[in-house]
Amino acid sequence: MADSSLSVAAFPRLARAALALSQRHSRVVVVAMLALLHVAAVRGVADSGARALLLAHFGLLLLWQPFVRGEHQVTALQAILIAAAAGAMALRLDWWLLAFWVVVLTGLMGGKIYAQHARWQRRYFFLVFVYLLALLAILILPEIAPRREITAEVHDLASWLLPAMFVVMLLLPTESEPPEAPQVIDFFYSIFLMLVLGMVVLGSFTFMTLGRTSYLDALTSTVLLIGVTVFVLGLAWNPRTGYAGLNVFFSRYLFSIGMPLEQWLYTLAELSQMETRPERYLTESVAALSRLPWVSGVSWRTAQASGDAGTASNHAVEFENSDLSLAIYSRYRTSPALHWHLHLLGQLLGEFYLAKLREQKLQQQSYLQAVHETGARMTHDVKNLLQSLNTLCAVAEREDQGPELQTLVRRQLPLIAQRLSATMDKLQRPQADDEHFIEAGAWWEALVRQYQGQRVEFESDSPKPCARIPKALFDSVADNLLHNALGKRKADPGIRVRAALRKAGDEVELRVADSGRAVPPEIAGALLRAPITSGGGLGIGLFQAARQAGSLGYALALTTNRDGEVEFVLRRAPG
């Protein structure tokens, strides 16, 4: 009893050891499997020892098999199928069953040829494939052919020469995969090879029966006929003449589920135009995706929210990127084509969602940039207003206050209040377009009154009343240029400051000049193009004024820059 319990307990360990050995030495297992099959075929199906050898051959196949990983637990259905196959080999074995088994095994080995990338691995499986074909054609098929035409000498010669291929298999260089790597097989080519071999067997027997031909003639004729047929199908599959072949129609059939895909893509693009919120867009797109005929449900999760639509199933295709996790549940078991389609749907939805997130971030950045630029421009406007107030305060502090001072205050304070109110409106609406236009003559008169008493020389060509200018732009540019020029005059009281409004066709241009020192070359190169650092305050204000002028179709330029003559011009941009 102790020995029995010990053997039962040791069986799982022996099984795991056998699996590990088969993974490390798969070539030895395959050669041993083929050797047992060869001995069984030579001894014949009526021999009881041959049936026992086939059971051992089947066991080695289970250790090597490329369908299920060896460490996986065998299900009840798999156990029933294995027991049925073993029982058929042990109880109902005949030459037809053996031929069918060799055809299946030949198809599996042939499918391994196309799945290998290493050169010697492909040669190894090709050699196994050739051996199985020889075994089938020389030792098995003659036993079930309508007439037995393979002589005993040929049979015995093949029985002894074919095993020599086992030695070549073992001596081929090894380029094996890691032990933990699963076996890979191309089922399409395997099924194709099985069908071709079935046609060869049945076609040969048909030629022998109907045409009264020999086995070798029938086998040769069948192989040639099938070869010509496959060659013609290959040409029709890919004509290489500029015309579409059967591969186009076959691909169109495989991807016939593309019509719902195209409808969903149209819905995806339509939602992209209608919905701007990323989470809402994702919810609507997932709901549309769940209504596809082969999708039962969808679940999604982002950093901010999660949701689902439809019902979950056991067949899920998952997609995940940096911002979205998506699981698409299929109503059916996912074939490779359907799995590819569902994964493509998830990838498309993920890309659209990322585009929506980037669009939202871009809108936020644009808004913040507009706030920043508007704040920078308004800061200079407020600074200019503060300088105007300081001028009024300086005038009000003089002792000789008379009616002229009261008139100046009454005239300037409402103007300053109006400009301050406009500045506050711009701060509250940073992205609003300022389209307030004013007659050039009225604006010029207001500018002259604003800088009255500050020794600014004003000149005008009396522009036409119909000439209209953007008030905010001309106010900002005039204030920046005049205050910069007046600031230079504080350091050098002898500097003259001039402002002129000149005709330029149907438009007008503003010119502000001073007789101070020229702008240094290192500053003049970046002036009006980028914020600069300068001790006199030039830089950010003129940069913002130049950007504002460009947005309204005007251009601000430093036209003259030399000692004694520094002039800026604001005019309508050409074109």
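The values are calculated or read from the model by the stated rules, or taken from the named source; none is laboratory data. Keep in mind it's a predicted model, so treat the numbers as computed, not measured. Positions of Cβ are generated from backbone atoms using ideal geometry, with glycine treated the same way; all protein chains shown enter the neighbour counts.
Among the numbered criteria (1) loosely packed, with under 15 Cβ neighbours inside 10 Å; (2) modelled with pLDDT of 80 or more; (3) part of a helix (DSSP H, G or I), which single criterion is violated by H372?
Just one mismatch for H372, condition (2).
Could you tell me whether any residue of the stretch 139-160 is under 51 Å from the mean Cα position of the chain (by Cα) and either at pLDDT below 80 or farther than 30 Å from R212 by Cβ (or both)?
no
Which numbered condition in (1) surrounded by fewer than 12 Cβ atoms within 10 Å (Cβ to Cβ); (2) at pLDDT below 85 is the only one that P239 fails?
(1)
Checking F205 against (1) surrounded by fewer than 16 Cβ atoms within 10 Å (Cβ to Cβ); (2) modelled with pLDDT of 85 or more, which single condition isn't satisfied?
(1)
Among residues belonging to the stretch 92-125 that are under 21 Å from T220 (Cα atoms) and within 46 Å of the chain's Cα centre (by Cα), point out the one that is modelled with the lowest pLDDT.
Result: G110.
Could you list, in sequence order, all residues of the stretch 479-509 that are in contact with a helix residue (DSSP H, G or I) (Cβ under 6 Å, 6 or more places away or on another chain) and over 14 Å from E565 (Cβ atoms)?
D479, N480, H483, L501, V508 - these are the residues of the stretch 479-509 that are in contact with a helix residue (DSSP H, G or I) (Cβ under 6 Å, 6 or more places away or on another chain) and over 14 Å from E565 (Cβ atoms).
May I ask you to verify whether T311 is surrounded by 16 or more Cβ atoms within 10 Å (Cβ to Cβ), hydroxyl-bearing (S, T, Y) and in the same structural domain as P278 (by TED's automatic domain parsing)? Steps first, answer last, please.
On the way: surrounded by 16 or more Cβ atoms within 10 Å (Cβ to Cβ): no; hydroxyl-bearing (S, T, Y): yes; in the same structural domain as P278 (by TED's automatic domain parsing): yes.
Answer is no for this residue.
Of all residues in the stretch 328-362, which are surrounded by fewer than 18 Cβ atoms within 10 Å (Cβ to Cβ) and either outside any helix (DSSP H, G or I) or not assigned by TED's automatic domain parsing to the domain that holds L289 (or both)?
Residues satisfying the conditions are R331, Y332, R333, S335.
Go through the stretch 132-153 residue by residue and tally those that are surrounded by fewer than 18 Cβ atoms within 10 Å (Cβ to Cβ) and small (G, A, S).
Within the stretch 132-153, residues that are surrounded by fewer than 18 Cβ atoms within 10 Å (Cβ to Cβ) and small (G, A, S) number 2.
Confirm whether Y215 is surrounded by fewer than 18 Cβ atoms within 10 Å (Cβ to Cβ), modelled with pLDDT under 90 and in the same structural domain as I113 (by TED's automatic domain parsing).
no
Please find, among A134, A158, A99, A84, the residue that is of a type in the set (G, A, S) and in contact (Cβ under 8 Å) with a residue 40 or more places away in the chain. Reasoning before the result, please.
Values: A134 fails: in contact (Cβ under 8 Å) with a residue 40 or more places away in the chain; A158 fails: in contact (Cβ under 8 Å) with a residue 40 or more places away in the chain; A84 fails: in contact (Cβ under 8 Å) with a residue 40 or more places away in the chain.
Answer to the selection: A99.
Working carefully through the options S290, S285, S296, find the one that is under 25 Å from R358 (Cβ atoms) and either free of Cβ contacts under 8 Å to residues at least 40 places away in the same chain or surrounded by 19 or more Cβ atoms within 10 Å (Cβ to Cβ) (or both).
On inspection, the qualifying residue turns out to be S285.
With the requirement that a residue be of a type in the set (A, V, I, L, M), farther than 19 Å from L527 by Cα and in contact with a strand residue (DSSP E or B) (Cβ under 9 Å, 6 or more places away or on another chain), what does the stretch 472-515 give you?
I495, V497, A499, A500, L501, A504, V508
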